[in-house]
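The values are calculated or read from the model by the stated rules, or taken from the named source; none is laboratory data. Quantities reported herein were computed from a predicted structural model and do not represent experimental measurements. Cβ coordinates were reconstructed from backbone atoms using ideal geometry, including for glycine residues, and neighbour counts include every protein chain displayed. With ligands, DNA and RNA removed, areas are computed over all heavy atoms of the protein, side chains included. Shrake-Rupley method; radii C 1.70, N 1.55, O 1.52, S 1.80 Å.
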Amino acid sequence: MAPSATTQEDAPSWSARANGTGERDYTTDRNTPSQKTTYTTSHGNPVPHPYESQRAGDNGPLLLQDFHLIDLLSHFDRERIPERVVHAKGGGAHGFYRTTNSMEDLCMADIFKQDKKVPITVRFSTVGGESGSHDCARDPRGFSVKFRTEEGNWDMVANNTPVFFLRDAAKFPHFIHTQKRDPSTHLTHADDSTMFWDYLSQNPESVHQVMVLMGDRGIPDGWRKMHGYSGHSFKLVNKNGEWVYAQMHMKSKLGFEFITQEDSANYGPDYSQKDLYHAIEKGDYPGWDVYWQTMTPKEAEELWEKQKINVFDLTHVWPQKQFPLRKCGEFFLTENVQNYFAEIEQVAFSPSHLLPGIEPSADPVLQSRLFSYADTHRHRVGANYQQLPINAPTQTAYQPANFQRDGPMAYHNQGSRPNYLSSIQPISFQPRKVDQDKTHGHFVGQAVSFLSEIRPEDFNAPRTLWEKVFDEDAKQRFITNVSGHMANCHKEEIIKRQIGIFREVSDDLATRLEKATGVKGYQGIAGLRFNGTHNGMTKDNSLYGANGIDVDASKKHVQDNNGAPTIGQHQPAAVRSAA
């Protein structure tokens, strides 16, 4: 008798497993204990013992046909993706965010509705060190949060300091290079700080961050006891199309605590990772309160006009007495990762991952990061990094789809759906929620080759930090930290320049540092030329241009706002809004 015909319906689906459970689910696989698994090759073929290898006789050479061995070794050779160029050393955990105080009057994003709760993943890190560097290095800390919302993923890519070393986007790669190993000696700035101080002494706008870094906040006592700051200004847009500038603050519920330079040697290299992991394991879940500072476009213009504080400047802060913090919500870390590589090393954050109602400002460093972060993920992890489970938008109220196809590791390749805007199988679209013409205004003008200049107002906040925030013990620790680090700087001219910069902050600070280092610094910066910044504090036209660039005296200070919003700049948007 001939065998019965098999219909297409009878044939098993390619995604069905022999036990009938269907396609293997990521979450199920993640939570399956070892005792319920079977050892196989990468393509699922069972192997009796992982240590066996095929040979030509008992003492002959290995056989190329031994796929298990080749599979094992070839994957082992490729187990490391490139470490992050910046923020290479870090760790993190999972948890949840909850809105405790509605922000709907300021922002249309669904996450800010009262009592809204979403899952999150947080990664903490140091900035300049390598993946094996010490957790207690004197370095800023990265503080990144991935909020998984019904409108897609939102990444807040923050630091533990409210300011940074620069405000001109093109400086970033140069600055980071000076925080890495010397190309000749291959030493870090722990043993040779010449590059470190050379950059800072040529870019005085960094002084505010230097004050923070070399002060008590330079080595937080683990990740659980430090705060996070967006640093950049964003825009929050409400359902009426009204918007404000905004900066986000994340305040640890445990408060801030620090480790002194001397005591840091008593901590293990993975102290912060160990501290976080074991706290979560025993149910001591760390938490943070989320606040926003906001100001209107008009207030931003007046802030520059009256106080010379630039909302687009990453080296400036907003006075909290003028712009008080408004609590929005809180988040807790409640679950350790089960696989560090899959859930932390491959997690990818970018400030360009925004929600409707959260928009970027014209901050030039933020603008550059909108491109740079996603681009480095495509290089480091792969073109389809967003398809990895740790990065995928899993909480959306709709099925995400687009016209991106193929490339390496394209796991979710969207089936047979057209890879173009088809009229036969049309894709759905949501109505536009943000009128970007009104939110971002008209930018009209000639192309400008812009480089910021150092000005007197750049020293106001650092001076307040020294005179009003640091007590006497903190001041002494600061001098000890700076002079100790400078002991490894092999160019006295660099130290003289940096002391000159500190003298613009406070003569007391500079004098103390001169005594500690034994180096007599410059009397200020008016007589200095910088290779990274125009010197707006000199009266000598020959010293004004950065790197000796000949700047036409008639063009000096023509753009006197130094990149800040000026009176009337937002008027076109306001006019269109009224219309």
Could you name the aspartates and glutamates whose alpha carbon sits less than 15 Å from that of Lys308, not counting residues in the same chain fewer than 8 places away? Glu205, Glu299, Glu453, Glu457, Asp458, Asp560
Rg/Rg_ref, segment 443-552, where Rg_ref = 2.2 N^0.38 Å and atoms are Cα: 1.23
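Relative to the compact globular guide of 2.2 N^0.38 Å, what is the alpha carbon radius of gyration of segment 204-310, as a ratio? All intermediate terms of the calculation are to be shown ahead of the outcome.
Working: Rg = 18.3 Å, N = 107, 2.2 N^0.38 = 13.0 Å.
With N residues counted in segment 204-310, Rg over 2.2 N^0.38 Å equals 1.41.
Quick one: length gained pulling Tyr277 to Tyr411 fully straight, 0.36 nm per residue minus the C-alpha distance?
On the way: separation 134, 0.36 × 134 = 48.24 nm, distance 3.10 nm.
The Tyr277-Tyr411 span can extend by a further 45.1 nm.
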Put Val237, Val85 in order of accessible area, largest first, 1.4 Å probe: what do you get? Val85, Val237
Length gained, Ser42-Ile176, 0.36 nm per residue minus C-alpha separation, equals 44.4 nm
Hz values of 3J(HN,Hα) by residue in segment 210-220 - Karplus curve (6.51, -1.76, 1.60), Gly and Pro given as x: 4, 4, 6, 4, 8, x, 5, 7, x, 10, x
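Among the listed pairs Lys113/Lys327; Lys251/Lys306; Lys235/Lys438; Lys251/Lys274; Lys89/Lys274, give every one whose C-alpha distance is greater than 19 Å.
On the way: Lys113/Lys327 13 Å; Lys251/Lys306 29 Å; Lys235/Lys438 12 Å; Lys251/Lys274 21 Å; Lys89/Lys274 13 Å.
Table pairs above 19 Å Cα-Cα are Lys251/Lys306; Lys251/Lys274.
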Chymotrypsin sites (Phe, Trp or Tyr not before Pro) within segment 21-129: DSSP coil, no more than 14 neighbouring Cβ in 10 Å: Tyr39, Tyr51
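Two-decimal Rg/Rh of segment 143-283 from alpha-carbon positions, Kirkwood Rh?
Numbers: Rg = 18.3 Å, Rh = 17.9 Å.
Result: Rg/Rh = 1.02.
Quick one: what do you get for segment 61-179 if you divide its Cα Rg by 2.2 N^0.38 Å? Don't skip to the end; give the middle numbers.
Values: Rg = 20.8 Å, N = 119, 2.2 N^0.38 = 13.5 Å.
Scaled against compact globular proteins, the figure is 1.54.
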Rounded to the nearest 10 degrees, what's the angle between the helix 297-307 long axis and the longest principal axis of the chain, both from Cα atoms, 0 to 90? 40 degrees
Could you sort the peptides 218-224, 313-319 by per-residue average Cβ neighbour count (10 Å cutoff), highest mean leading? 218-224, 313-319
Please determine, in degrees from 0 to 90 and to the nearest 10, the orientation of helix 271-281 with respect to the longest principal axis defined by the Cα atoms of the chain, where the helix direction is its Cα long axis. 50 degrees
Distance in nm between Ser428 and Ala447 label points, each 7 Å along Cα→Cβ, equals 4.3 nm
Assuming 0.36 nm per residue, please report the length gained on full extension of the stretch Arg463 to Glu262 beyond their Cα-Cα distance. 69.8 nm
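Would you calculate the volume per residue, in Å³, of the smallest convex hull containing every Cα atom of segment 230-389?
Output value, Cα hull per residue: 177 Å³.
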Once Cα Rg over 2.2 N^0.38 Å is worked out from the coordinates, which option in [x] 0.93; [y] 1.12; [z] 1.07 does it equal? [y]
With a 1.4 Å probe and every protein chain left in place, tell me how much accessible area Thr334 has, in Å² to the nearest 10. 50 Å²
At a Cα cut-off below 16 Å, give the lysines reachable from Lys171, other chains included and same-chain residues fewer than 8 away excluded. Lys180
Segment 134-174: translational diffusion in µm²/s, Stokes-Einstein, Kirkwood Rh over Cα pairs, 10 °C, 1.306 mPa s: 124 µm²/s
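Given all pairs of different Cα atoms, what value in angstroms does the Kirkwood hydrodynamic radius of segment 28-88 take?
On the way: mean 1/r = 0.0691 Å⁻¹.
After inverting the pairwise mean of 1/r, the radius is 14.5 Å.
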Placing one identical point scatterer on every Cα of segment 284-376 and ignoring solvent, what is log10 I(q)/I(0) from the Debye formula at q = 0.13, 0.15, 0.16, 0.24 Å⁻¹? -0.69, -0.88, -0.96, -1.28
To the nearest 10 degrees, the tilt of helix 507-517 (Cα long axis) against the first principal axis of the alpha carbons of the chain is 70 degrees
Summarise the accessible area of segment 378-490 (1.4 Å probe, protein heavy atoms) by the percent that is carbon and sulfur. 51 percent
